[in-house]
Amino acid sequence: MNKQQVVCTSCPRRCAVDRAAGQLGLCGAPDHFRVARIAPHLWEEPPISGERGSGTVFFSGCSMRCVFCQNRPISREGRGEDLTDEALAERILALQEVGVHNINLVTPTHYARRLRGFLEKLRPRLRVPIVYNCGGYEDVDALRSLRGLVDIYLPDFKYISPELSKSYSGAGDYADVARAALSEMYDQVGGVCFDSDGMMTRGMIVRHLVLPGCRHDSMAVLRALAALLPVDGIRLSLMAQYTPDFAKDCPYQNLHRKLT
């Protein structure tokens, strides 16, 4: 395999490191799957969690640098268990047997290209939808490689302001990247679909976490989302549960308090 085939361009950072040779990009993730937690999760959005929970697979590493991140041991320090494709598939199938409503891939961005081959093999063995749960900072080409393999996209739409996205998440190009990514996601899965129990089987839920002192940017996010996608075709998760405890070491004083 030549160098062009192994350099990593799975996320918009395009670090171009050779993960197969042990090099690490900004995400800090190895070439193989590293997973921090695999378990049913009852506290995702209601049409995802239902009564039996969402079958979450929390990948270690992250391509963003949010100063208010609640999962730094996983996202920054890379804590987790190294798994072969076969071992991860067996753990996911065991989740399915417990009765979860879906398989929820959490922070999969830096594994997007690797996931294609993995999901092509796994999907015929699944009876539940696959959820791609991400921060919205996605490479469009990597997303296109997943066409037909993801049933539900659950992205964030964090910012419009380049100043905020650069300061708070180290990604000044976030808004433009997220717009393109969300458009591609909707193009793949279309409008929301639900089963007779109200559980989502296909479509998109877009999350936005309101940050203290950033109300105007939140309004700009909602206006941009309404202009970007058919509002009747998606669901919005507008979150007011910002927790300042995880941002105490950052220099932005507005992030040191809860929402008013």
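The values are calculated or read from the model by the stated rules, or taken from the named source; none is laboratory data. As the structure is a prediction and not an experimental result, all values here were calculated from the model. For neighbour counting, all protein chains shown are included, and Cβ atoms are generated from backbone atoms with ideal geometry for every residue, glycine included. Surface accessibility is based on the protein's heavy atoms, side chains included, excluding ligands, DNA and RNA. Shrake-Rupley method; radii C 1.70, N 1.55, O 1.52, S 1.80 Å.
Observations
- Residue 179 vs. criteria farther than 28 Å from residue 244 by Cα, open to solvent by 20 Å² or more (accessible area, probe 1.4 Å) and basic (Lys, Arg): no
- Region 102-127 - residue that is in contact with a strand residue (DSSP E or B) (Cβ under 9 Å, 6 or more places away or on another chain) and open to solvent by 30 Å² or more (accessible area, probe 1.4 Å) and, of those, nearest to residue 197 (Cα to Cα): 123
- Scanning region 128-157 for residues that are open to solvent by 10 Å² or more (accessible area, probe 1.4 Å), among the hydrophobic types (A, V, I, L, M, F, W, C) and not in a loop (DSSP other than H, G, I, E, B) yields a total of 1.
- Inside region 75-94, residues that are open to solvent by less than 80 Å² (accessible area, probe 1.4 Å), assigned to a helix (DSSP H, G or I) and either of a type in the set (S, T, N, Q) or touching a strand residue (DSSP E or B) at 6+ places or on another chain (Cβ under 6 Å) (or both) make up a count of 3.
- Any hit, region 6-24, residues being of a type in the set (Ser, Thr, Tyr), farther than 30 Å from residue 256 by Cβ and either in a loop (DSSP other than H, G, I, E, B) or touching a helix residue (DSSP H, G or I) at 6+ places or on another chain (Cβ under 8 Å) (or both): yes
- Any pair with Cβ under 7 angstrom, 6 or more apart, that starts in region 236-255 at a residue that is more than 13 Å from residue 214 (Cβ to Cβ) and free of Cβ contacts under 8 Å to residues at least 24 places away in the same chain and ends at one that is of a type outside the set (Gly, Ala, Ser) and open to solvent by less than 80 Å² (accessible area, probe 1.4 Å): 248/256
- Residues that are in contact with a strand residue (DSSP E or B) (Cβ under 6 Å, 6 or more places away or on another chain), over 18 Å from residue 222 (Cβ atoms) and assigned to a helix (DSSP H, G or I) within region 158-194 comprise just one, 189.
- Residue list for region 8-36, restricted to those being free of Cβ contacts under 8 Å to residues at least 40 places away in the same chain, open to solvent by 50 Å² or more (accessible area, probe 1.4 Å) and not small (Gly, Ala, Ser): 15, 23, 24, 26
- Flag for residue 48 being in contact with a Ser or Thr (Cβ under 7 Å, 6 or more places away or on another chain), under 30 Å from residue 253 (Cα atoms) and of a type in the set (Val, Ile, Thr): no
- Residues being touching a Phe, Trp or Tyr at 6+ places or on another chain (Cβ under 6 Å) and either modelled with pLDDT of 95 or more or over 21 Å from residue 138 (Cβ atoms) (or both) are represented in region 36-50 by at least one member.
- Of all residues making up region 47-66, the number that are in contact (Cβ under 8 Å) with a residue 12 or more places away in the chain and surrounded by fewer than 18 Cβ atoms within 10 Å (Cβ to Cβ): 2
- Taking region 207-217 as the range and being surrounded by 19 or more Cβ atoms within 10 Å (Cβ to Cβ) and part of a helix (DSSP H, G or I) as the test, only 217 passes.
Residue by residue, here is whether (1) within 17 Å of residue 104 (Cα to Cα); (2) touching a Phe, Trp or Tyr at 6+ places or on another chain (Cβ under 7 Å) holds:
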{"residue": "145", "(1), (2)": "no, no"}
{"residue": "157", "(1), (2)": "no, no"}
{"residue": "163", "(1), (2)": "no, no"}
{"residue": "176", "(1), (2)": "no, no"}
{"residue": "180", "(1), (2)": "no, no"}
{"residue": "185", "(1), (2)": "yes, yes"}
{"residue": "214", "(1), (2)": "no, no"}
{"residue": "221", "(1), (2)": "no, yes"}
{"residue": "224", "(1), (2)": "no, no"}
